[in-house]
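Student: Quick one: the structure is below, questions incoming.
Just so it is clear, none of the values below were taken in a lab; they were calculated from the coordinates. As the structure is a computational prediction, the values presented were derived from the model and not from experiment. All Cβ positions, even for glycine, are placed from backbone atoms using ideal geometry, and neighbour counts span all protein chains on display.
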């Protein structure tokens, strides 16, 4: 860079997405002919349903290649409102929905809309890598709560006069775990008397595998609707990561503020993606989401069966999503950190898994099972042989 020029202190204040960085490195090695097993992927490995592809193409052929309203096409916003109202048991209207270029953008605009510099946001660990970095980006302070036998008690103790928001992500990236009903009730009770926003990142809510059903905090407390931002995405539910379309639901004043921000940042999301997602959240929702859920359930069971054969490993039992968070503290060679071990796996054994350090838990690695059964077996076989030495 030319002398006297430098990047801003803002850019220097946060970290690059560790998941995307390591995934890029894995893809580079794969392009060089290395036999990479990529457990680092954060997206379904299935091609988008052909009917959704056709709907996007049809929209293009009919001239839907122009800007849409900043907050999204009214028909799509209505479809999302109806989907969430049906699945959550809480009524939403199209005016309470904003469509963005992925759930990530919706989260960022929510934080921009509600935080002042120095405001605190409580985040449970392990957390999705972007939560604390986004909070920092808008001038807030992430308050990380480590895993605890009493998460409700930990939350209650962490609340201060500066607490402005609580982020919940269930099922979770990176662990696939879900908050239990009693825990959710405790969280809501802990914040109910204070002006604290709830951001419920429900990106994986359709991908759950336990007998106990997934529960939205709003199902338990519909009165929280006016202080809650629900985040959703087409990426995982419908295998549409590259279409870049997500959404947020909340009170109209919040959605208006987020729309105002989005109007100056990206304007509307892709018009063709909007047309395809309208079909996905409506007519094809149950069929596509059920198919993906059953495929990932089988892969989860295969991952657990394979990991059970490897001595020294422990993991958090995934109830949803397509990740398993594995504790390597008792398995890595002496004198080596788990992060160093992850780099060794990639360079020498050609296995990509994401270091737990990026998720707030440095003794873990995150494995995605969004890959074929043959790749799962091959990768876990390589891991077992490596740990046996």
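Student: How many nm separate the modelled label positions at residue 223 and residue 156, each set 7 Å beyond the Cα in the direction of the Cβ?
Tutor: Those two pseudo-labels are separated by 1.9 nm.
Student: With all distinct Cα pairs included, what does the Kirkwood hydrodynamic radius of the chain come out to in Å, to one decimal, could you say?
Tutor: Roughly 21.8 Å, rounded to one decimal.
Student: Could you check the simple spin-label distance between residue 377 and residue 253, using points 7 Å along Cα→Cβ, in nm with one decimal?
Tutor: Distance between label points: 5.9 nm.
Student: Which translational diffusion coefficient, to the nearest whole µm²/s, is obtained for the range 1-125 from the Stokes-Einstein equation, given a Kirkwood hydrodynamic radius over C-alpha pairs, 20 °C and 1.002 mPa s?
Tutor: It diffuses with D of about 109 µm²/s by this estimate.
Student: Using Cα-Cα distances under 8 Å and only pairs 6 or more residues apart, what relative contact order does the chain have, in percent?
Tutor: That works out to 24 percent.
Student: Relative contact order, percent, of the range 52-284 when contacts are C-alpha pairs under 8 Å separated by at least 6 residues?
Tutor: 32 percent
Student: What span do the alpha-carbon atoms of the range 52-284 cover on each of the three principal axes, reported in whole Å from largest to smallest?
Tutor: Taking the Cα atoms of the range 52-284, the three principal extents are 56, 42, 30 Å.
Student: With r as the distance between the Cβ atoms of residue 267 and residue 95 and R0 = 22 Å, compute the FRET efficiency 1/(1 + (r/R0)^6) and round to 0.05.
Tutor: After rounding to 0.05, the efficiency reads 0.70.
Student: Order by neighbour count: 34, 25, 388, fewest other Cβ atoms within 10 Å first, most last.
Tutor: Neighbour counts put them in this order, fewest first: 388, 34, 25.
Student: Right, another one. With a Cα-only, solvent-free Debye model of the range 181-255, what are the log10 I(q)/I(0) values at q = 0.22 Å⁻¹?
Tutor: -1.06
Student: Once you have the Cα-Cα distance between residue 24 and residue 192, take 0.36 nm times their residue separation minus that, and quote the gain in nm to one decimal.
Tutor: Length gained between residue 24 and residue 192: 56.3 nm.
Student: Moving to a separate point now. Determine, for 302, 366, the number of other Cβ atoms within 10 Å of each Cβ, and report the residues in order from fewest to most.
Tutor: Ordered by Cβ neighbours within 10 Å, fewest first: 302, 366.
Student: Ranked by Cβ crowding within 10 angstrom, fewest neighbours first, how are 178, 336, 134 ordered?
Tutor: Listed from fewest to most nearby Cβ atoms, that is 336, 134, 178.
Student: Averaging the inverse of every distinct alpha carbon separation and then flipping it gives the Kirkwood radius. What is it for the range 276-389, in angstrom units?
Tutor: Final number for the Kirkwood radius of the range 276-389 is 15.3 Å.
Student: How many angstrom separate the Cα center of the range 109-164 from the Cα center of the range 349-367?
Tutor: Taking the Cα centre of the range 349-367 as reference, the centre of the range 109-164 is 22 Å away.
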